[in-house]
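Accompanying notes for the structure given below.
The values are calculated or read from the model by the stated rules, or taken from the named source; none is laboratory data. Not measured: the values here are computed from a predicted model. Please note: Cβ atoms are built from the backbone with ideal geometry, for glycine as well, and neighbour counts cover all protein chains shown. Remember, those area values only see protein heavy atoms, side chains included, never the ligands or the DNA or RNA. Shrake-Rupley method; radii C 1.70, N 1.55, O 1.52, S 1.80 Å.
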Amino acid sequence: MRSICRHQKKRSLKKEKLRKEVLGGTETILFVDDEYVVIDVGQQILKTLGYTVFQARSGKEAIEVYRKNQNEIDIVIRDMI
């Protein structure tokens, strides 16, 4: 019984440690959404995490931004609806 308690304690400490770590990156992201609040907050969060961010507020605008910057963009995050 005692070893189970130790194992559970170690496991919960590992989970707590993982939650405190925030991952970031250096990639360039094209962030696409038609809602101003979503795109503004998303862009702020991504920049805080170290990413370079291009934004677009429509599919048409996203294609234009991508064409102009395709050699720089590593990831595209887009609204599905």
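List pairs: first in the range 52-81 and closer than 13 Å to residue 39 by Cα, second among the β-branched types (Val, Ile, Thr) and open to solvent by 70 Å² or more (accessible area, probe 1.4 Å), Cβ under 8 Å, 6+ apart or cross-chain?
62/76
Just the residues that are in contact (Cβ under 8 Å) with a residue 12 or more places away in the chain and under 10 Å from residue 25 (Cα atoms), please, taken from the range 35-47. Walk me through how you get there before you give the answer.
To start, the set of residues in the range 35-47 that are in contact (Cβ under 8 Å) with a residue 12 or more places away in the chain comprises 35-36, 38-39, 42-43, 46.
Once the filter is applied, which keeps residues that are in contact (Cβ under 8 Å) with a residue 12 or more places away in the chain and under 10 Å from residue 25 (Cα atoms), the range 35-47 yields only 46.
Just one of 72, 35 is in contact with a strand residue (DSSP E or B) (Cβ under 7 Å, 6 or more places away or on another chain) and not polar (S, T, N, Q); which is it?
72
Just for helices (runs of 4 or more DSSP H) wholly inside the chain: which have at least 1 residues that are open to solvent by 90 Å² or more (accessible area, probe 1.4 Å), modelled with pLDDT of 85 or more and at negative phi? Lay out the reasoning, then the answer.
On the way: elements: 2-20, 36-48, 59-69.
Filter on the chain gives 36-48, 59-69.
For the range 34-56, enumerate the residues that are of a type in the set (Val, Ile, Thr) and out of contact with any Leu (no Cβ under 7 Å at 6 or more places or on another chain).
Once the filter is applied, which keeps residues that are of a type in the set (Val, Ile, Thr) and out of contact with any Leu (no Cβ under 7 Å at 6 or more places or on another chain), the range 34-56 yields 37, 38, 39, 41, 45, 48, 52.
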